[in-house]
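The values are calculated or read from the model by the stated rules, or taken from the named source; none is laboratory data. Everything quoted here is computed from the prediction, not taken from an experiment. Because the Cβ atoms are built from the backbone with ideal geometry, glycine has one as well, and the counts that use them run over all protein chains shown.
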Amino acid sequence: MPEEKSKETVKQLFIQFLEARKLRKTPERFAILEKIYTTTQHFDVESLHEAMIENGYRVSKATVYNTIDLLLEANLVRKHQFGGNLAQYERVYNTNHHHLICVKCGKVREVKDLDLMSTLNTRKFNKFTTSYYTLYVYGVCSRCNRKKTKDKNEKK
């Protein structure tokens, strides 16, 4: 139930954003918003476009790009550049977390560290009001570590 309430809140925020800028409230824009807020994974524009087509929406790639730009401006989607990978996006509303990025395979994992989040949420900066924060932690994932160990053992 909280998920449905979040989706409705996000939809209302997007409506307010579009109305304030005198932009059209098209079914395609809302379908893209719905698709984004039904996934918990990071996505790129290409995979989002493919998912829209697979779900029966006839939407151009340009419409997806333009809608992503609007959602970025409305602070409903956040853009990430994890290492050398393509730009990735994720929904923003009500999602504070950190990213662990493997420098070997490029896999991105989201984690919540409540102690760190509490510290960041209570941290005050002189003459600055924090809107949100993001933290990227780069390293090697357990899968790549196991593979490296296995490769070393096989060479012996």
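How many residues, within segment 98-135, are exposed (fewer than 10 other Cβ atoms within 10 Å of the Cβ) and not in a helix (DSSP H, G or I)?
8
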Item to check | Yes/no for Glu4 being at pLDDT 95 or above and among the acidic types (Asp, Glu) | outcome: no
Checklist entry - Which pairs do you get when a residue that is closer than 15 Å to Ser6 by Cβ, found in segment 19-44, comes within reach of a residue that is in a strand (DSSP E or B), reach meaning Cβ atoms under 6 angstrom, with the pair 6+ apart or on two chains? => result Ile36/Arg91; Tyr37/Arg91
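Say whether the condition of being in a helix (DSSP H, G or I) and among the aromatic types (Phe, Trp, Tyr) is met by at least one residue in segment 136-150. Talk me through it step by step, then tell me what you get.
Here is the first cut: in segment 136-150, the ones in a helix (DSSP H, G or I) are 142-150.
If we keep only those that are among the aromatic types (Phe, Trp, Tyr) too, we end up with none.
Taking every residue of segment 136-150 in turn, none turns out to be in a helix (DSSP H, G or I) and among the aromatic types (Phe, Trp, Tyr).
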Checklist entry - Is it the case that Lys79 is modelled with pLDDT of 85 or more and out of contact with any strand residue (DSSP E or B) (no Cβ under 9 Å at 6 or more places or on another chain)? => result no
Item to check | Boolean, Ser47 is without any contact (Cβ under 8 Å) to a residue 40 or more places away in the chain and farther than 27 Å from Val111 by Cβ | outcome: no
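So that you can scan it fast, the table gives a plain yes or no per residue for (1) more than 19 Å from Val92 (Cα to Cα); (2) of a type in the set (Asp, Glu):
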{"site": "Cys105", "(1), (2)": "yes, no"}
{"site": "Val108", "(1), (2)": "no, no"}
{"site": "Asp115", "(1), (2)": "yes, yes"}
{"site": "Asn121", "(1), (2)": "no, no"}
{"site": "Asn126", "(1), (2)": "yes, no"}
{"site": "Tyr132", "(1), (2)": "no, no"}
{"site": "Tyr138", "(1), (2)": "yes, no"}
{"site": "Arg143", "(1), (2)": "yes, no"}
{"site": "Lys150", "(1), (2)": "yes, no"}
Item to check | Options Glu90, Glu110: the member that is closer than 29 Å to Ile68 by Cα, in the same structural domain as Gln41 (by TED's automatic domain parsing), in contact with a strand residue (DSSP E or B) (Cβ under 9 Å, 6 or more places away or on another chain) and not hydrophobic (A, V, I, L, M, F, W, C) | outcome: Glu90
